[in-house]
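Bear in mind these aren't lab numbers, they're just calculated from the coordinates by the rules spelled out. Remember, it's a predicted structure, so these values are computed and weren't measured experimentally. Note that we place each Cβ from the backbone using ideal geometry, even for glycine, and neighbour counts take in every protein chain shown.
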Amino acid sequence: MVLHLNSGLISTVFAADPTSKDIGTLGGIGLGPFGTLVDKLLNAGPGANLPYMVGLELNAIMSILLGFLTTIASLWFVIRMVLGGISWLSASGDQKSIQNAQQTITNAIIGLAIVVASYAIISVIGKLLGIEILNPAKMLGLPV
C-alpha cells in the first residue's frame, strides 16, 4: 500500500483498485489555531481585510498559547506539591528529607507565584519599553 498526497486528496494505491479519500484543504482544525488562520486566509473572498483577519488570529493564538502554558504550569505546581507532601510524610523524622520536602513545596509555591505574576510583569515591561508585548497584532502594526 502506498499513500499519495495530491491537492488535498490522499490516495491509497493498490495494484488493482486505487481509492481516494478527501482529507480537506490546507489548514482546518488539524493544525489548531494556525490551521484556522491558514484556512481563513485561503478561503477569504475578494475584498477581505486580510491584515485585520491576521491581527485577530494572532491575538487569538497568543491567548490560546498563554492559557495552555498557564495550565501546564498549574498542573506542574500540583504535581510538585503532591510529591513534596509525599516526601514529607515518608521522611520518618529524617531532618534532611523533611528539609528537602519543604524546599520542594516552597519552590512550587514560588514558581506558581511567578507564573501568576508574569502577566503583570510582562505588561509593566511592555509599558516601560512602549510596546504591546501581549498584543502581537498591534506590535506588528496590523489593524485590530
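Descriptive notes on the structure:
- Theoretical gain in end-to-end length, residue 131 to residue 70 [0.36 nm per residue, Cα-Cα removed]: 19.7 nm
- Inter-label distance for residue 63 and residue 121, nm, one decimal - labels placed 7 Å from Cα along Cα-to-Cβ: 2.5 nm
- Contact order relative to length of the range 58-144, as percent, for alpha carbon pairs under 8 angstrom and 6 or more apart: 31 percent
- Shape index of the range 58-144: Rg/Rh, with Rg the Cα radius of gyration and Rh the Kirkwood radius from the inverse mean 1/r over Cα pairs, equals 1.22.
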